[in-house]
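Presented below is the structure to which this report refers.
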Amino acid sequence: MAEFRLRRAEKIIQEEISMLILQDKIKDPRINKLVYISHVKISPDMGHARISVSGYCKEKAIIKTVEGLNSAAGFIQGVIGKKIKTRLTPKLNFYYDNSIKEGFEINKLIEDTLS
């Protein structure tokens, strides 16, 4: 049962942060709207949440967005605290996820070896 609750909280956090970014509710100029939340992992005690950020823009823009999101983590945590009805709201930590870039590089290598 606890595992289901964690997965549900991760999904809510992912949706809420995505909506905050898309609706421009976070007033930090470093945040780019072309990024998305690729993965959320909450610790079993709900004390911390590791949030992976990826996107379809340049690496520098994503890194700046991660810095902006970490700067606005307190505001985001307050918004999420109102959405998830738990005793604790996890402390949010944002990280750059370069899996899209790596995926494109692997596809290019495969195409190059096949042709």
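Side notes on the structure shown:
- Segment 31-52 versus segment 69-115: alpha-carbon centroid distance in Å: 5
- Heavy-atom accessible area with a 1.4 Å probe sorts 19, 46, largest first, into 19, 46.
- Where 86, 65, 113 fall by accessible area, highest first, once all protein chains stay in place (1.4 Å): 113, 86, 65
- Residue-wise HN-Hα coupling along segment 92-98, computed from phi with Karplus coefficients 6.51, -1.76, 1.60 (Hz; x: Gly, Pro): 8, 10, 9, 9, 6, 10, 9
- Phi angles of segment 30-36 translate, via the Karplus equation with coefficients 6.51, -1.76, 1.60 and θ = phi - 60°, into HN-Hα couplings of 6, 7, 9, 6, 8, 9, 9 Hz per residue; Gly and Pro are given as x.
- Semi-axis lengths (Å, descending) of the ellipsoid that matches the C-alpha gyration tensor of the chain: 29, 18, 10
- You can think of it this way: the chain between residue 115 and residue 60 has 16.6 nm of extra reach, that is 0.36 nm per residue less the Cα-Cα gap.
- Listed pairs 60/85; 25/85; 58/85; 58/91; 33/85 exceeding 32 Å between Cα atoms: 60/85; 58/85
- Lysines with Cα under 18 Å of residue 27, excluding same-chain neighbours fewer than 8 positions away: 64
- Helical runs (DSSP H, four residues minimum) scored at -39500 (n - 2.57) apiece and divided by the length of the chain put the mean residue ellipticity at 222 nm at -17500 deg cm²/dmol.
- Among 77, 23, 14: highest mean-square fluctuation, GNM of the chain, C-alpha pairs under 10 Å: 23
- Residue 97 accessible area, 1.4 Å probe, all protein chains in place, Å² to nearest 10: 30
- The phi-based Karplus calculation (6.51 cos²θ - 1.76 cosθ + 1.60; θ = phi - 60°) puts the 3J(HN,Hα) values of segment 105-115 at 5, 5, 4, 5, 4, 5, 4, 5, 6, 7, 9 Hz, whole numbers, x for Gly and Pro.
The values are calculated or read from the model by the stated rules, or taken from the named source; none is laboratory data. Remember, it's a predicted structure, so these values are computed and weren't measured experimentally. Each accessible area value is taken on the protein alone, full model and side chains, heavy atoms only, with ligands, DNA and RNA left out. Shrake-Rupley method; radii C 1.70, N 1.55, O 1.52, S 1.80 Å.
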